Amino acid sequence: MSHNLTDKNELVKAALLGTQRYNLAELDPESQLGQLYVQLDSAAPPHRLLSIAGAYFLRQRAGEQPSRVSSPRTFEMEPDPNLHADKAQQLAACNKLASQSLAAILWGYAPDLLGEFLIALHKYNQRLPQQHLPTVLARGEKSVPIRSLILPVLGSSGRWLATKNSVWSYATERATTWDGAVDLLRRLPTTKRQGFYRQLRKSHPTLAREILSNQWKSITSAQRASYIKLIDGSLSVEDEDFLELALNDRNHVVRRKAAELLAKVPGSKLGQRMIDNTQGFIIWSPEKEMKITVSFPKEITPQLIRDGVLVRTLRDESRVRSYQMQEMVGAIPLTHWTSTWDVTPTEIVAALHASRWPRTLKQSFVKAAERQKNIEWAKVLLADDKYGVSSIRLINLLSIEECETILRAEGGAEFEPLTKASLLVRVLRKRTEPWPMSLASLWFEQLVQHLDYDLAQRAVAKKQITDSLAAKSEQGVVQESTDNKASLARSHAVRPSVPKGATQKKEVNQAKSIDPILRLLIRQSGRSAPVELTQQIVDKFFPYIQEFNVWRPVLQELISTIKFRQTMLENIKKVEK
């Protein structure tokens, strides 16, 4: 059904002027909106206007309506013959129960579970139900990260539907070709281009790099600064030549980001140049008590500046040296130090403490290990720092099984309440992937112990508050019987801004509070823990919900979330008969 611009203009005029001053009969009688107007002839003009405007809005949102067939059989969307329909048709339709789970997610019950639903759908080689395709495509238009999960489960109907609405062009087959991607980038608003390039960079990195290289000189300096940051997510050796050219850009943000990305590329030319240009920068002297000494370059050469070492004008020279050391060491391959000095990472990290720059050197090696994803160095730096704030980000380089081993080794025999500084809390907050069974079990065991401890502490605090209030009340009665009423009035007039019972309310509110970090982690555990633990979770935490109000909301969410996930995944596994 084609859009009739005349009809749209008539609707706008009627809305602006009002139905009393403008006659809607001007609608084209041959158009479907005009036919709807005739059918609604008995309705009041304002109601007719709202009904027709609603129909027009739904038509724009859902795309063009397919032509109907005269056969009494169920209508099927006709796939575009240019699409790879054979592959798409291998996807089986998900059953009605799975469709109901998807509907609950889309309409707000647990919107952050859409990604897990799409992953499970793809795992079992199924496609999205047709009735939810417009909503899911609209969700992908607003959220770029979810697109990579939507595309594999669209099926031929979804890809066909995407061609009927320009805002869904990201999901078309043409968007993965040179001509289609360039045309789409040209037509998209400036605010949407970065999102599409991010999608293209993840799914077709070579094509994205070629398009960016072709348009690099024609886009603005601000656009170059935003586009180059998107390379980080799928960086590879093939990007080195393009990034080397970006080192000469006029924008200093582009140059710095290019240098940072090149420092992450294994065996990059920038790493070798940094080694050559910082000869004698850090010296290893095993025979001395201070095994590591630092000798800064007398001059920050133009080559060092080009490779990301900035010249700063801070008054504090030590801060300037600290920044420059991190930039230089962070770009040098860690294997250079171990092979040149013929020592292990453990020996180098141990020697840092006796140097004159212990903190800066450690931060520099942490940055290098993070950039180069060096697991050996990450383990040594984490252990040396006792998994502190300065190195905890390296925990993401370790596998979840290695994290679990560390947690069990570091855990003491005596129980300690969970806080944001607890190693278990810090490790789990950094993990975005699903938790394995053993690690999730460890977390829930610790949480149960923490709940018992916390609730015992709250009971003691509540008793103290009650006893204190009772003592104050008794003291107040005695005081009132002995003091003069005038002196009481004067004492109340001294502090008029403090309402009666304010201290009591403050103490009660503090007793009802929960650490926000723990609340977020409990919420996360309902989404990351294996659903096989559902019954155990219900058995462990349901008694706390019944007895204690303070933990009730967050534990209820934990139980309801994991039960919903279990039902959702079971529904997806079922095959439609």
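The values are calculated or read from the model by the stated rules, or taken from the named source; none is laboratory data. This is a predicted model, so every value here is computed, not measured. We place every Cβ from the backbone using ideal geometry, glycine too, and count neighbours over all the protein chains shown. Only protein heavy atoms, including side chains, enter the accessible area calculation; ligands, DNA and RNA are left aside. Shrake-Rupley method; radii C 1.70, N 1.55, O 1.52, S 1.80 Å.
How many residues, within region 322-349, are open to solvent by less than 60 Å² (accessible area, probe 1.4 Å) and part of a helix (DSSP H, G or I)? Before you say what the answer is, go through the steps one by one.
Step one: list which residues in region 322-349 are open to solvent by less than 60 Å² (accessible area, probe 1.4 Å), which gives 322, 324-334, 336-338, 341, 343, 345, 348-349.
Okay, now just the ones that are also part of a helix (DSSP H, G or I), so 322, 324-329, 334, 336-338, 341, 345, 348-349.
Number satisfying all stated conditions: 15.
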Discussion item. Could you go through region 87-99 and let me know if any residue there is surrounded by fewer than 15 Cβ atoms within 10 Å (Cβ to Cβ), at pLDDT below 60 and in a loop (DSSP other than H, G, I, E, B).
Written reply: yes
Item to complete: Would you check which residues across region 141-150 are surrounded by fewer than 21 Cβ atoms within 10 Å (Cβ to Cβ) and not charged (D, E, K, R) and list them?
Response: 143, 144, 145, 146, 148, 149
Worksheet entry | Residue check for residue 576: more than 30 Å from the chain's Cα centre (by Cα) and modelled with pLDDT of 55 or more | yes
Practice prompt. Would you confirm whether any residue within region 282-301 is buried (at least 18 other Cβ atoms within 10 Å of the Cβ), out of contact with any Asp or Glu (no Cβ under 6 Å at 6 or more places or on another chain) and part of a helix (DSSP H, G or I)?
Written response: no
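Here are some residues: 213, 218. Which one is polar (S, T, N, Q), modelled with pLDDT under 95, in contact with a Phe, Trp or Tyr (Cβ under 7 Å, 6 or more places away or on another chain) and open to solvent by 50 Å² or more (accessible area, probe 1.4 Å)?
Exactly one of 213, 218 is polar (S, T, N, Q), modelled with pLDDT under 95, in contact with a Phe, Trp or Tyr (Cβ under 7 Å, 6 or more places away or on another chain) and open to solvent by 50 Å² or more (accessible area, probe 1.4 Å), namely 213.
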Worksheet entry | Residues of region 14-30 classified as surrounded by 13 or more Cβ atoms within 10 Å (Cβ to Cβ) and modelled with pLDDT of 70 or more, total | 4
Item to complete: Determine whether region 450-459 contains at least one residue that is over 28 Å from the mean Cα position of the chain (by Cα) and closer than 29 Å to residue 343 by Cα.
Response: no
Response to the item:
Scanning region 395-416 residue by residue, those closer than 30 Å to residue 457 by Cα, in contact (Cβ under 8 Å) with a residue 24 or more places away in the chain and open to solvent by 50 Å² or more (accessible area, probe 1.4 Å) turn out to be 408, 415
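Restricting the search to region 266-281, which residues are over 35 Å from the mean Cα position of the chain (by Cα) and either of a type outside the set (Ser, Thr, Tyr) or open to solvent by 70 Å² or more (accessible area, probe 1.4 Å) (or both)?
Result: 273, 275, 276, 277, 279, 280, 281.
Among the polar types (S, T, N, Q), in a helix (DSSP H, G or I) and either touching a residue at least 24 places away in the same chain (Cβ under 8 Å) or crowded, with 16+ Cβ neighbours inside 10 Å (or both) - does that describe any residue in region 116-125? Outline the logic, then answer.
Initially, region 116-125 is screened for residues among the polar types (S, T, N, Q), giving 125.
From what is left, the residues that are in a helix (DSSP H, G or I) are none.
No.
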Item to complete: Return a yes/no flag: does region 130-137 have any residue that is open to solvent by 30 Å² or more (accessible area, probe 1.4 Å) and over 23 Å from residue 572 (Cα atoms).
Response: no
